[in-house]
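Trainee: Provided herewith is a single structure, encoded as structure tokens, for subsequent inquiry.
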Amino acid sequence: MSVTQKQARAKGSKAEVSYELLRSRILDGTYGPGYRLVLSQLARETGVSTIPLREALRRLQSDGLVEVVRNIGARVAVFDAAQVEHALQVLARLEGYATAISAPHMTEADLAHARTINDRMTTALEDFDPASFTALNREFHFSLYAHCPDAHLVSLLEAEWARLDHMRRSTFSHVPGRARRSVAEHERLLELIATRAPAEEIERAACAHKVATADALRQSQTAP
């Protein structure tokens, strides 16, 4: 390997490490919405030079987690209710298709595992904690995606879920009444998968499940 190739690899590695570090800090709330991402300050905080950090910020901007604002510079993206609803609508289409093509690959044991998660969600309704319930909801859906034969689709779902997590830490804190209906819809979805319902029926049910959450959020914003 030439010196130039080694330098390119080292640069790439530092950019990747910088990307993962900044992304994790955005998603866990360390850098909240609107937080200014000043290269010199980030370099001091992370111990990484500004070149890989700049590349990381470009990637995060492509992910929708960072935005560049005139006279301000780069900052953690700020979202409004309309953008959250739009993200849910996009996710609904992805989830519908992913769930439909995952279904034929799920065994009885896989379904039992998903039901166990949904049972935990039912129990969580008794002493409701929105953040914990949201985490279980994510675990439930990804227990279905684990059997998706399309790896690219799964990576898209992971990116959209991460982006939505950043937009709104807990959807169910804004529409708590949606939680109980969500659990019932999960049961219906598992029943369709267990009975080997047609793919288009499973896709419609999974898509409608997420659209219902988007509708509930919109109604909560317009309620007096």
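Trainee: Could you say which residue among Cys148, Cys207 is open to solvent by less than 60 Å² (accessible area, probe 1.4 Å), at pLDDT 95 or above, of a type outside the set (Ser, Thr, Tyr) and under 17 Å from Val84 (Cα atoms)?
Mentor: Testing whether each residue is open to solvent by less than 60 Å² (accessible area, probe 1.4 Å), at pLDDT 95 or above, of a type outside the set (Ser, Thr, Tyr) and under 17 Å from Val84 (Cα atoms) leaves just Cys207.
Trainee: I need a count of the residues in segment 186-204 that are of a type in the set (A, V, I, L, M, F, W, C) and either under 10 Å from Ala92 (Cβ atoms) or open to solvent by 30 Å² or more (accessible area, probe 1.4 Å) (or both).
Mentor: Initial filter on segment 186-204 (of a type in the set (A, V, I, L, M, F, W, C)): 189-190, 192-194, 197, 199, 202.
Restricting the remaining residues to those that are either under 10 Å from Ala92 (Cβ atoms) or open to solvent by 30 Å² or more (accessible area, probe 1.4 Å) (or both) gives 194, 199.
Summing the residues that are of a type in the set (A, V, I, L, M, F, W, C) and either under 10 Å from Ala92 (Cβ atoms) or open to solvent by 30 Å² or more (accessible area, probe 1.4 Å) (or both) in segment 186-204 gives 2.
Trainee: Run down Thr116, Thr30 and say which single residue is without any contact (Cβ under 8 Å) to a residue 60 or more places away in the chain and outside any helix (DSSP H, G or I).
Mentor: Answer to the selection: Thr30.
Trainee: Okay, moving on. Inspect segment 161-178 for any residue being out of contact with any Phe, Trp or Tyr (no Cβ under 9 Å at 6 or more places or on another chain) and modelled with pLDDT of 85 or more and give the result as yes or no.
Mentor: No, because not a single residue in segment 161-178 is out of contact with any Phe, Trp or Tyr (no Cβ under 9 Å at 6 or more places or on another chain) and modelled with pLDDT of 85 or more.
Trainee: Can you give me the number of residues within segment 193-204 that are in contact with a helix residue (DSSP H, G or I) (Cβ under 7 Å, 6 or more places away or on another chain) and either free of Cβ contacts under 8 Å to residues at least 60 places away in the same chain or within 20 Å of Thr134 (Cβ to Cβ) (or both)?
Mentor: Within segment 193-204, residues that are in contact with a helix residue (DSSP H, G or I) (Cβ under 7 Å, 6 or more places away or on another chain) and either free of Cβ contacts under 8 Å to residues at least 60 places away in the same chain or within 20 Å of Thr134 (Cβ to Cβ) (or both) number 1.
Trainee: Pick out the one residue from Gly73, Gly64 that is on the phi > 0 side of the Ramachandran plot and surrounded by 14 or more Cβ atoms within 10 Å (Cβ to Cβ). Step through it out loud before you land on a result.
Mentor: Working: Gly73 fails: surrounded by 14 or more Cβ atoms within 10 Å (Cβ to Cβ).
From the options Gly73, Gly64, the qualifying one is Gly64.
The values are calculated or read from the model by the stated rules, or taken from the named source; none is laboratory data. Because the structure is predicted, anything quoted here is derived from the model rather than measured. Glycine gets a Cβ as well: all are built from the backbone with ideal geometry, and neighbour counts include every protein chain shown. Accessible surface is based on the protein model in full, side chains and every heavy atom, while ligands, DNA and RNA are left aside. Shrake-Rupley method; radii C 1.70, N 1.55, O 1.52, S 1.80 Å.
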